[in-house]
Every structure is written in C-alpha cells, then in structure tokens.
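Remarks on the structure that follows.
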Amino acid sequence: MGEQLLQLLFSGLTVGSIYSLMGLSIVSLFNITGILNLAQGEFVVIGALIAVSLCSIGMPMIVVFPVSILLAALLGGLIERLTINRARGASNLNMLIITIGISISLRGLALLIWGTDTYSLPAFTKGGPLFLGGAALNPQSIWIFALAVVNFAGMYLFFEHTYWGKAVKASVNNRTGARLQGINPHTISLLAFVTAGGLGAAAGVSIGPITMVTYDMGFMLGVKGFVAAAIGGLSNVSGAVIGGLFLGILEAFSSGLISSSLKDAISIIILILVLLFRPEGIIGAKRERKI
Amino acid sequence: MILKLNEITKYFGGIAAVEDVEFEVKEGNIVALIGPNGAGKTTLFNIITGALSPNQGSIIYKGKDMIGNKPFQMASAGITRTFQNLQLFGGMTVLENIMAGAYLRGKKGFLQSFYTLPRKCSEEKRIRTEALFLLEEIGLAEMAELPAAALPFGKQRLLEIVRALASEPSLILFDEPAAGLNIVETETLTNYLKHLKKRTSMILIEHDMETIMEAADRIVVLDFGRVIAQGTPAEIQVNPEVIKAYLGEDEQIA
Amino acid sequence: MKKTTIFGIIILLFILIVSLVVKSNYLFSILIIIGLYAIIVQGLGILMGYAGQVSFGHAAFYGLGAYTAAILTTRYHWPTIAALLAAIILPGTIAALIGRQTLKLRELYLALATLGFGILVFIAFNEGREFTGGPSGISSIPFLNIGSFAFDSDRKFFVLVWAVLALLLLGINNLVHSRTGRALRAIRESEYAAENAGIDSASLKLQAFIFSALLAGLAGGLYAFYITFISPAAFSYHASIEFVLMAVVGGLGTFWGPLLGAAVIVALSEILREVVPLLIPGAGGEYQIIIYGIILILLMVYKPEGLSSLGAVFDRSPKRAEQNTNKQ
Amino acid sequence: MKKSIKSWKFIPCLVLLLALSLIVGGCGTNSQTDAAGKEAYKIGAVIDISGNSSSLGVPERDTLKMMEEQLNAKGGINGHPVELEILDNKSTEQEAVTAVKGLIDKGVLAVIGCSSSGPSMAMIPTVQNAKIPMISLAAASSIVEPVSERQWVFKTPQSDIVMVNKIIGYLQSNNLQKVAFMSMNNSYGDGGKKTFAVAAKESNITIVAEEKFAADDKDMTPQLTRVKASGSQAVIVWAIPPSASILTKNFKDMGLTIPLIHSHGVGNQNFIDLAQGAADGVILPIGKLAVADQISADDPQKKVLDNYITDYTKKYNSAPNSFGGYAVDAFNLLVNAIEKAGADRTAIRDQLEKTQGYTGISGIFNMSAQDHNGLKPDSAVMVRIENGKWKLIK
C-alpha cells in the first residue's frame, strides 16, 4: 500500500509540475498585463513542435532548448505587436476573445506545418526510471519539477523583491502612475508576451518527452493551467505553483484511490468550491478583490 | 420626523470612520451635512442607504429600524441618493435614465415584460409621461433622446438628481450636487432644491456654503467621524467650535 | 406604422419566401443551425449584454435540454412536445439552483466558475451511461410532432425554428424596452446606482441567468429533435466558448447582435469551407482554422463593439463601446 | 418606442443571409462532363479532417484523393469520370449533418464517411431519409446495426467484435483468465469496453479491474497502479495514440511484466515511435495491412495490400495506416457497385448489399441483408511488437 501511495504521489508531482508551469506563465502574464491568456497552451505546443523540428535535423538537445525558447519568444512578441498592442483599452472580455482568436490561429498554424501526427521529444537525460521505495519515477519528471522551481523562484524574486517587479505589478491597476514612474505599459506588455512565449516553449520542450506533442493539446493544457492558477488565487505566483501541484496530486490520488472516471469531476468541484468560498486562493490571505 | 440616526458607528480596520452619530431629519426639511474631507460624510451616506452596515447604532426611518437592509430595499422604502462621482447609466438615453430611476413606480416583472408590447402597456406610458414631465421641469426635455454620457457635466449632475427623484422617494441623499457646477448652474440647483422641499426630505453633503446657507433648514457638522455641532444655519454660522474645527481661522462665511 | 409591425412583417416574409423558394436541404440545415444558435445567443445576449454577466458554460444548458428531450422520448416515450417542454424547464431549474451563488462572482472568476460547471455537466453526460448512453450517445430520437403533424423535413423544421426565433426576437425587444430591460441595462452601467433606484440586482441577474438557460434548453431540445442523434461531444466547453464568441462578434446589448453573430460564425465556417479551396488549391481545414482565428482577432481589435455596429452608422446612441471601456 | 426597432438594420442582415444562400446554393449547380461527353459520377465524402479525430481523417482524405486520381487516370467507371468531393466536418456531428446535406443537394450518388462514430451516427437519419448509400469509415457496430433501420448504411472497418474475439482467443490459448481492462473515455473506448465485457463473460474471463482515462491525459500511472494492485494476469487497453503511447511508457516505467494487449487503435507506426522502445512486447489484433510483408504470399489479400502500400508510399512519402485502408475499401466497394448499377442510388445500395468476395485492405467482404460490414474474424491477425516492428503471431 505504501508503495502504491508513493507511486501516486510521484505521478501527481509529475503532472502537478506540468500544471504549475502552465499556471505560472498564466499568472505572470496576468500580473503584468491584466490579460488572461487563453493561448498560453498554444505557446507550449508551438515551442515543443519547434523543438521537434530542430531535433529532427539533428540538433543536440542542449542547443534545441534555448533555440526553441528564443523562437517562441519572438513569436510571442510578434503576436503581441500584431494583436494585443493594437487593441489597447479593449475590455477584459474582448481581450479574452482576442486570446481565443490567437489560440485558434496558432492551432491552425501548427496543424498546417506539423500536421495531425503526434510527436515525441527525447528526454533530457538517458536512462530508465529511478526506483524509490518501490515506486518508479521518470527522470524527466525531475527535470520538469526543477524547471517549475526555477521559474517560480525567478518570478517570485522578480515580482516580490525587485523594484521593477513591484512597479510592473502596480502598473496593471494604474497606467498613469506607471508612466510617471517611467514605465511604458506598452513595452511592458511586449516583454510580458515575449516572456510568455519563452516560458511556454521551455515548458513545452521539457514536458514533451512525457506528454508527447499534438497540435491540438494546447487548449486542454491551458484550461488545466487556469484551474491551477485559480486554485492558487489567480494573481499569486506561489499560489500558481501550489495550485498546480495540488491539482496534479489531487488528480492522481482521486483516480488511483477513488475512480479514474471521476478524476476530472473532483478537480472541477474543488475549483468551483475555491472560487465560491476562497476566491483569494487556497493559500492567499483574505483580502478585497479588485477584479 | 422621517429619519433618526442613533449612535451610528462604523470602523474600518479598527479606526472609527463615524462614531456615535445622531441626528434627525424632519419631513420636508433639508439637512446639510458638512465637514472637512475625510470627516465621514460619504461613509454615513453609504450607511443610510444600506451599502455599508454599521458596527452599531440604529437607523429609524418612518418609525422602523432599517439596519440590515440592502440598498435596493432602502430605495423601495423611499430612500435614494446621488453620487459624488456621477453614476449615470451612460449608455442609456436621458429619458431611459429617468425611467430606470422610476423602476419602483412600475410593477411589471421579467416574464410580463417579455410578452407585453411596451407601447400597449399603460404602466409604461404613465412612467414615460412622468419622466418627460420631470425632464421638462428641469429643462432637459429636448435632450431626452441623447445618451446620458453625451450631456455636458452640469446637465449630468441635474440628470442624476432627477433620476433620484423619479422613484418619488421621501428622502433623498445628495452627495455634493454642486461640485463642478458654475455659478449660474449652482444657483439653478439651489432654487430647484428649495422647490423640491414640497415633495421630499433631503440630506445634503455640500462644500458650497452659499448653497447650504440658502437651502438648508438644519446643518450637521461632522469632524473625524463625530458630530461636533448641529443647528440652524444661523446657529452654526456663529458656533465657535465649528469655526475652529472646520472653517479655520482665515475663512469667513459670506 | 409601428416599427414592431414592420419587423413582424419582414421576418414573416423572410420565413415565407425562404420556405417557398429554397429547395436546398443544405441551406435549410444551415439556417436551422443558425436559428438554434441564435436562440441560445439571444439568451446569452440578455445575460452578457444587459445584465453584464459572462457565462462560459451555456453548452451545458444546451446539452441538458438536448439530453432531457432525448431521454424522455427514447426511454420513457413521452410525447415529443412534452419532452420539449421539460427540456426547457430542467435547465432553467438547474440555473435557478446554481445561479444565486455563482452570480456573486465577477468577471474572470464568473467565467472560470461557469466554465467549470460546463465541464462538470459534460463529464456527467459521459459518465451517466445508464441514462445518457455515455460517449456513444443516444440515437433514434423521434422527430418533433404536434398531434399527427411531424416536423420531419428540413423545410418544416426551418419554419418552426425561425418562427420560434421570431417570437423570441419580439419578446426580447419588449423586454429590453420594458421596465425590466432598463433595469438590466442599469445594472450593467452601474450596479450601485441601479440598487439605489430600488433594483434588486442579484435577483434580476438570477432571472436573466435562468432566462438564458431556458432558451439554451429550448435550443438543445430542438437540436435533439432535428439531428435525432446526440452525443456529449456537441456540448463540450468548445461549444460554450463558441456561443460567447457569437454573442460578442454580433455585438452585445444590441437587437440584431445575437442573430448576426450566430449567422456570421456559422456562415463564416461554411463559406470558408467552400471558398478557401478555391483561393488556395488543395487547402484543407488548416487554412480555414487560421483564417477563422485571424478574422476573429481583427474583429475584436477593430470592431470591439461587434458587427451590428457596422449597420448602425446612423444609430443615435453612438459611443456605447467607448462608454463601457471608460467605466471603471 | 419610436426607435426601439431600427428595421432598416434588418436589411444588412437579410442581405447577408441571401448572399450566403447564393454562394452556397450556387456551388451546387456546376457539373462537369469529360471530353468524351459522359457525365461525371459524383461521390461525396465527409471526413474528420480537422478537430479531435483528424489523425484518422487526414490519411483517409489523402487516400481518397489518390484513389480518385488513379481511377480517373484509368478512365473512370465505364467511361464516366468520378468526381469526389471531400468535406471536412471538423469532427463534429452538427457539421457532419450540414455537410452531408450539402453533398446530397449537389446530387452525389453516395457518401463516404465519417471517420469517427459520432459524426457517422449523426449522418444516418439524413441519408436514410434521402435514400443515399453511405459507407462509414468508423468502427462502432451500432453504425450498421440493426440493419433494418440502417438499410442505406455500410461500413468498412472491422467491428469491435472481430478484434475482441481475436484477443479472447489469445487469452484462452495462453490460459489468462483474470484481466484488467483500460479504455479511453470516448466512443471508441466505450465501444471496445462494452463488446469485450460481453465476450469475456461468455468465455469465462474475469475482468478484475476496469479503468478509464481521458484522451488528453498526460499520465496513466494512477490507473496502472490500481491495475497492478488488482492481481490481473494481463492488461487490455482500448485507446489510440498519444494516450495509448503514454500508457505504454508508464506501463514499462512501472516495471509491470504481465502481457499488455492493445486494440487495433494503435495499429500505426506512430504508436511505436512515440512509445520510444516501450512498445516492444505489446500484443494487438490488427488488420493485415501492418504486416503485409509477413503474411504468406498465397494470402488472397497480399497483392491488394502491397499495391496500396506502394502507391501510397510513392505519393505521400509515408507508409499508409489502417485508417487509409478503410477509405480504400469504401471507395472500391462503391466503385464496384456503381459499375454494375450505374447512376441509380437504389441500385447502388442493392449492389453494395450483394457484395461478395471483394478482397480489400481490411479483409474479404461478404455483405448481406443482415450484415452491412461483411468481415469475418479472419480479417484480423494478432501481432507482437518486437524491436519496433510488427511481428505476426502465427
């Protein structure tokens, strides 16, 4: 039984790290621009697919990783300039729909270039699973977890401990104030999307070996990321990580111990309960909501 | 007596925004609420209209304690208000603003509205006529079909006042109705308020002393959330405490 | 002559002419689908455009309507018209049960909660094998009939759906210009001020939510009786998002918006299916998706107030969109 | 009320609808004739080219295009060229219905499609009403059963029961009586589960664990953990890639050693590639296409299979899979029927029903008034994956 629980925990941590990565990107963009980006999953997919192509021409993983990030970051920036930037001052709902449009277009682009096939990516390190206490752990899971930790640490330091991070966070609520502080919201928005593209690709390349890559898997990843972010309180970096891990572990344990068919239902019910009764997230402090 | 406040106290994070506030409004009177910024005037309005619930105290309106009622329940009891930062229904026409303000004057619900042609409906006709009458009275009739947001600022202030009036309330709370108005507009407003005394009682937050002295029957002075004086304009004008706390040494009442 | 009368005549003429002139079942089926979606989006339009509440879960009500109609007729052999009635009432009841709590949430939180509700119902369709047939769905649903008259052809069904739609348009026009409609718009413009005018905003929002669920259920029931086969796939959150797109693309808070939005989104995908291969030989669904996405983005960037504003050059209530974005 | 309805606003709306009717109506009227003046035979296809089932639909579309070219290059049917119009249903039921209505309006003689069960089921009432022969490329047996309500509907893929019987046979011959069944939570997995449950009961095989996963799940370790604890002697999985591949990797990672039996849903090279070595040892029933190089030279299907593989590989530079094979059979069955029946839908239907001994990719078809699929259990074989290749289990 102990072995079984440990196995479920490993599974939960693996999937949870993936959700955390998604949640982190979504939350960081939301913190900076106030936009809930429904196309984040597509950034992940495009990043991973770029890596697939690079791998297929024989590039080693150590090169593929930064190059895909760079290309996806460029794409993120390009998209921001072409869409978000041109729709300044649009309402939240309209912005949300623009990101839906981006997500649809990117999915079509992926379908056009890479087709409907599923691809896989090579793991970062060779070798079979590790066995800890009788439970198997895929080494790639550790990489994903590590990436989530690095992302989290970076964002946490940026948003909470640098002048710029705090300023940027404040600029969401107060554009004029931000300008007075010498922050140009349009530049910030561009940088935010560049980062979102890059983070997406980083996530895509590292989860690819485990999840495989299909052109249309982005939306589902995005939805899970939202659920993770919402469980964590939507504007809170540590919340997104904990929300993601919580969601992953919840899914693993509910399908391993209760029923695999109720797994999604259980996590959605938790989401709704959190939204209704703790909208500030499972860890956030009680405070007035702004949105 | 239409309204009586007893020991109204409200804390925000341990700090009292209003404390032990007590005063009365007599029927057909205009009571002016004055005091420096941050004295708790708007907070008091929010409490009277049910948007905030006080930590203690009672609001006796027409003999009944109204604590715990929500704003819409206060409104249906007969208390409406205007806002310091205008809260017009900007996308709706001037006429629609008034008709929306007259919500309580109708009865038709969701379903009935769905299957009744508005122009076949006598209630609708009556509300429209009444709304047009109100607009005419204040000189906005020819702008009835314009979107409210397209009016000049002064007219928007007037519109909000008329909207509050449209439900035929017995008590209206005006939050700085003269703010941002020019001299002519302020005078029109003052006259209009006096004219309204026949229909309703009023509480008025205002900084423009001329308006207050001219229109108010009684004045309540708030400072740091407490009532430091109340009385007729003449009494307040000579109250040394008020002059010290509120008007300052160098300001004279005209 | 009153405008409502003119409107009535135009729409009746439209139904009459189309039903007499058109021979293509394909065209009928497109018009039927547009009509069904327009019914849903009408309700959603009241909720979003007037009460100012977004819902990303309306495919659930649509699906509940469809499943109610399908299960009652195939398993319990109810008369179809009674089943249709139940298909309207059940989603409305569920909306009433969940609405009060849910509608306390705002904007993005409400969007997420309704999305979650939609996913839950979708899971229920998949897992409730005993009743719903699971992922394989329910087939052999009868045609809708009233007495011995069955709506068994596309032409008859078109007339039915559009007649329902016309009545709805009329009703909604009444509603919007009534006391209730003004109150709903007032809530959207300034909830606080609306409350101070005596409008019980929580209750009205709930009523608008229930109303939109009733309409989605109605469309769902009609859909089941039209396609005569249903499976959960048609009621996933993709459909919910599509409905929101239709509402926004058409123009929120406008009279023609919902119909226009439904027509444009459905027609766009049909037209792209025909036109894209002509422009780009050999092109398949890939280009359609990209073009569809790009059109959506362009529209939101350059016409955020929706398509119906294109026809409203002479509209006397301009600057509506500007107003909305400027509000805090 | 005077500005409540701006009736002139209806005009753009009306114009739009009418324009739409002209555009789509106009497309239906052109009909080509070839140089010899013989009118083209129109065939329609509604395929899941985009959306969830696109991995099925795309090879089917490619195959159909290739078949059309080949046929017309050979001079068509009795001198009539064949005009095949392929529409995308985006893997949705509603779009499948509108698409098939469009095709019927354009006067097609018969319809091929759809790739998956849901859209196929949705099209059935329409083709039944319009009396148009339809050949589905989806597996669910409910598409053609009961035949009394599906006179106009045929299908080419083997029914689940064909594959299930193969698996049961394998289990029995290896004396495996306690099994776990895992399925994808969609109509494919659901169909397999139902069929297997019935067949297993008849053969005294106990299902000790029943697990499900979503098509887009990223980790099936929790489900496998339950399977591991259940003490089953073999695991049967009804799924398609990528989830089937992820499951296989998880299975290997967890160090499970009991036999892993998949369904024909993983019958393409992609599955093996994705599982990155973990697929070795997997056993599955499959159409003969995947092991065409291993079946004996005197197998009646050998030549048909080899031809298709050669042609497809030449044109598209990749090996065909069984989905494309379903399209080959559907197209050929239809061509054979039209050859005998001419441009008469009822006659085409009758001829389809009378199909006897057609040797196709998925097997030898013998249709009848009771069987609108016509494939026998010998149309599938069991294979084991060894070193990334299918290996026929003799």
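The values are calculated or read from the model by the stated rules, or taken from the named source; none is laboratory data. Just so it is clear, the structure is predicted and the values come from calculations on it, not from any experiment. For neighbour counting, all protein chains shown are included, and Cβ atoms are generated from backbone atoms with ideal geometry for every residue, glycine included. Side chains are part of the model used for accessible areas, which takes the heavy atoms of the whole protein and leaves out ligands, DNA and RNA. Shrake-Rupley method; radii C 1.70, N 1.55, O 1.52, S 1.80 Å.
Of the set (1) assigned to a loop (DSSP other than H, G, I, E, B); (2) crowded, with 21+ Cβ neighbours inside 10 Å; (3) touching a strand residue (DSSP E or B) at 6+ places or on another chain (Cβ under 7 Å), all apply to residue B:10 but (1). Only a single criterion out of (1) among the aliphatic types (A, V, I, L, M); (2) surrounded by fewer than 17 Cβ atoms within 10 Å (Cβ to Cβ); (3) under 16 Å from the mean Cα position of the chain (by Cα); (4) not in a loop (DSSP other than H, G, I, E, B) is not satisfied by residue B:179, namely (4). Sub-6 Å Cβ pairs linking a first residue in region A:258-278 that is more than 13 Å from residue A:231 (Cα to Cα) and in contact (Cβ under 8 Å) with a residue 12 or more places away in the chain to a second residue that is of a type in the set (A, V, I, L, M) and in a helix (DSSP H, G or I), at least 6 apart or interchain, are A:264/C:123, ordered by first then second residue. The set of residues in region A:259-277 being open to solvent by less than 30 Å² (accessible area, probe 1.4 Å) and at the interface with chain C (Cβ under 7 Å from one of its Cβ atoms) consists of A:261, A:265, A:268, A:271, A:275.
Within region D:91-108, being more than 9 Å from every other protein chain (Cβ to nearest Cβ) and either of a type in the set (Lys, Arg) or more than 16 Å from residue C:26 (Cα to Cα) (or both) holds for no residue. Scanning region D:265-309 for residues that are among the β-branched types (Val, Ile, Thr), over 21 Å from the mean Cα position of the chain (by Cα) and over 29 Å from residue A:127 (Cα atoms) returns a single hit, D:295.
Remark: pairs (first residue in region D:72-88, in the same structural domain as residue D:135 (by TED's automatic domain parsing) and in contact (Cβ under 8 Å) with a residue 12 or more places away in the chain; second residue of a type in the set (D, E, K, R) and assigned to a strand (DSSP E or B); Cβ separation under 6 Å; 6+ apart in sequence or on different chains) = D:83/D:42. Select, from A:70, A:74, A:38, the only residue that is under 14 Å from the mean Cα position of the chain (by Cα) and open to solvent by 20 Å² or more (accessible area, probe 1.4 Å). Residue meeting the stated conditions: A:38. Cβ-Cβ distances below 9 Å connect the following pairs, each with a first residue in region D:294-315 that is free of Cβ contacts under 8 Å to residues at least 40 places away in the same chain, a second residue that is of a type outside the set (Gly, Ala, Ser) and open to solvent by 60 Å² or more (accessible area, probe 1.4 Å), and a separation of six or more residues or different chains: D:306/D:293; D:309/D:293. Scan region C:199-219 for residues that are open to solvent by 10 Å² or more (accessible area, probe 1.4 Å), facing chain B (nearest Cβ under 7 Å) and over 17 Å from residue C:168 (Cβ atoms) and the total you get is 1.
Being in contact (Cβ under 8 Å) with a residue 12 or more places away in the chain and in contact with a Lys or Arg (Cβ under 6 Å, 6 or more places away or on another chain) holds for only one residue in C:110, C:103, and it is C:103.
For (1) charged (D, E, K, R); (2) in contact with a strand residue (DSSP E or B) (Cβ under 6 Å, 6 or more places away or on another chain); (3) open to solvent by less than 50 Å² (accessible area, probe 1.4 Å); (4) over 19 Å from residue D:115 (Cα atoms), each residue gets a yes or a no:
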site: D:282; (1), (2), (3), (4): no, yes, yes, yes
site: D:305; (1), (2), (3), (4): no, no, yes, yes
site: D:324; (1), (2), (3), (4): no, no, yes, no
site: D:331; (1), (2), (3), (4): no, no, yes, no
site: D:351; (1), (2), (3), (4): no, no, yes, yes
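Per-residue answers, yes or no, for (1) surrounded by 18 or more Cβ atoms within 10 Å (Cβ to Cβ); (2) touching a Pro at 6+ places or on another chain (Cβ under 7 Å); (3) modelled with pLDDT under 85; (4) within 19 Å of residue C:277 (Cβ to Cβ):
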| position | (1), (2), (3), (4) |
| --- | --- |
| D:11 | no, no, yes, no |
| D:16 | no, no, yes, no |
| D:23 | no, no, yes, yes |
| D:64 | yes, no, no, yes |
| D:84 | yes, no, no, yes |
| D:89 | yes, yes, no, yes |
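So, residue D:258, is that one away from chain A (no Cβ under 14 Å), closer than 24 Å to residue D:115 by Cβ and of a type in the set (Val, Ile, Thr) or not?
Considered against the rule, which asks whether it is away from chain A (no Cβ under 14 Å), closer than 24 Å to residue D:115 by Cβ and of a type in the set (Val, Ile, Thr), residue D:258 comes out as no.
With respect to residue B:134, is the statement that it is more than 9 Å from chain C (Cβ to nearest Cβ), open to solvent by 10 Å² or more (accessible area, probe 1.4 Å), farther than 18 Å from residue C:189 by Cβ and in contact with a helix residue (DSSP H, G or I) (Cβ under 8 Å, 6 or more places away or on another chain) true? Considered against the rule, which asks whether it is more than 9 Å from chain C (Cβ to nearest Cβ), open to solvent by 10 Å² or more (accessible area, probe 1.4 Å), farther than 18 Å from residue C:189 by Cβ and in contact with a helix residue (DSSP H, G or I) (Cβ under 8 Å, 6 or more places away or on another chain), residue B:134 comes out as yes.
Can we say residue D:115 is closer than 17 Å to residue D:337 by Cβ, of a type in the set (Gly, Ala, Ser) and buried (at least 24 other Cβ atoms within 10 Å of the Cβ)? No: the conditions fail for residue D:115. Scanning region C:220-247 for residues that are within 18 Å of residue D:51 (Cβ to Cβ), within 7 Å of another protein chain (Cβ to nearest Cβ) and of a type outside the set (A, V, I, L, M, F, W, C) gives a single hit, C:231. Of the helices (runs of 4 or more DSSP H) that lie entirely inside region C:22-134, those containing 3 or more residues that are over 28 Å from residue C:146 (Cβ atoms) span C:80-102, C:107-127.
In region A:41-54, is there at least one residue being crowded, with 16+ Cβ neighbours inside 10 Å and under 23 Å from residue A:183 (Cβ atoms)? Scanning region A:41-54, I find no residue that is crowded, with 16+ Cβ neighbours inside 10 Å and under 23 Å from residue A:183 (Cβ atoms), so the answer is no. Total residues in region D:239-253 satisfying the condition of being open to solvent by less than 10 Å² (accessible area, probe 1.4 Å), without any contact (Cβ under 8 Å) to a residue 60 or more places away in the chain and within 12 Å of another protein chain (Cβ to nearest Cβ): the figure is 4.
Total residues in region A:77-97 satisfying the condition of being at the interface with chain C (Cβ under 9 Å from one of its Cβ atoms), open to solvent by less than 20 Å² (accessible area, probe 1.4 Å), in a helix (DSSP H, G or I) and not hydrophobic (A, V, I, L, M, F, W, C): the figure is 1. The single residue among C:160, C:144, C:169 that is touching a residue at least 60 places away in the same chain (Cβ under 8 Å) and closer than 25 Å to residue C:99 by Cα turns out to be C:169.
Being open to solvent by 70 Å² or more (accessible area, probe 1.4 Å), under 14 Å from residue A:24 (Cα atoms) and not basic (Lys, Arg) holds for only one residue in A:131, A:159, A:145, and it is A:145. Does any residue of region B:156-163 turn out to be open to solvent by 60 Å² or more (accessible area, probe 1.4 Å) and polar (S, T, N, Q)? No: region B:156-163 contains no residue that is open to solvent by 60 Å² or more (accessible area, probe 1.4 Å) and polar (S, T, N, Q). Being part of a helix (DSSP H, G or I), closer than 21 Å to residue C:50 by Cα and either open to solvent by 30 Å² or more (accessible area, probe 1.4 Å) or at pLDDT 85 or above (or both) is a property that does not hold for residue C:328. Among the residues of region B:87-124, the one identified as among the polar types (S, T, N, Q), within 20 Å of the chain's Cα centre (by Cα) and either open to solvent by 40 Å² or more (accessible area, probe 1.4 Å) or facing another protein chain (nearest Cβ under 7 Å) (or both) is B:87.
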